[in-house]
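Accompanying notes for the structure given below.
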């Protein structure tokens with residue numbers, strides 16, 4: 001889930017002027033936004049788990065994960081975000097959902113507070129709801145690196161499971177999907193993880209209920 005903070009000061013994060021080039025809805029209540037440099041230049045590279053902070057009206061910022069669908073994050077042609085609309089929130093997600101192709105925004109980054117572990121042990125990715133966004137990039141990075149990994153992706157229903165089709169199409173049997181409405185409840189992560197092999201875990205804590 002995004003966090004709202006005052007715009008950072010005294011930070012090395014690069015300020016970016018970006019233009020919206022494409023909009024889609026990969027899940028119910030979820031808006032995908034593609035961004036390119038407003039001046040036609042190059043975007044900074046980013047690693048799996050990285051985010052940018054979008055400057056909102058009033059000066060606060062929301063952090064949104066950068067999504068790598070298997071392209072070159074080392075030389076990205078665009079930045080891809082996915083935002084779940086939260087009508088009970090502070091208004092940042094609603095503002096993002098109102099953006100249109102051609103609109104310009106300011107952002108800071110990219111920064112990475114959730115990097116993929118650099119070891120070679122098998123990786124287990126656990127995603128919940130819109131918290132899948134940084135793990136989409138991790139799955140792409142792990143596949144490129146030839147490392148053994150699996151993902152378990154839980155969501156309330158298929159309608160809100162953004163990128164489930166992409167993940168299963170790109171990674172096949174490495175992806176296990178859990179649907180609360182089909183399974184009779186949420187994935188019991190604590191009990192379930194204790195029964196699994198002791199793989200090194202990279203977990204997204206965000207789960208949209």
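The values are calculated or read from the model by the stated rules, or taken from the named source; none is laboratory data. Just so you know, these numbers come straight off a predicted model, no measurement behind them. We place every Cβ from the backbone using ideal geometry, glycine too, and count neighbours over all the protein chains shown.
In segment 24-59, how many residues are in contact with a helix residue (DSSP H, G or I) (Cβ under 9 Å, 6 or more places away or on another chain) and assigned to a strand (DSSP E or B)? Residues that pass the stated criteria total 7. Candidates 88, 100, 82, 107: the one that is exposed (fewer than 13 other Cβ atoms within 10 Å of the Cβ) and either outside any loop (DSSP other than H, G, I, E, B) or modelled with pLDDT of 95 or more (or both) is 100.
With the condition kept exactly as written, say whether any residue in segment 111-128 is loosely packed, with under 12 Cβ neighbours inside 10 Å and either at pLDDT 85 or above or in a strand (DSSP E or B) (or both). Yes; the residues of segment 111-128 include at least one that is loosely packed, with under 12 Cβ neighbours inside 10 Å and either at pLDDT 85 or above or in a strand (DSSP E or B) (or both). Being part of a strand (DSSP E or B) and within 19 Å of residue 23 (Cβ to Cβ) is the requirement here; does residue 69 meet it? Considered against the rule, which asks whether it is part of a strand (DSSP E or B) and within 19 Å of residue 23 (Cβ to Cβ), residue 69 comes out as no.
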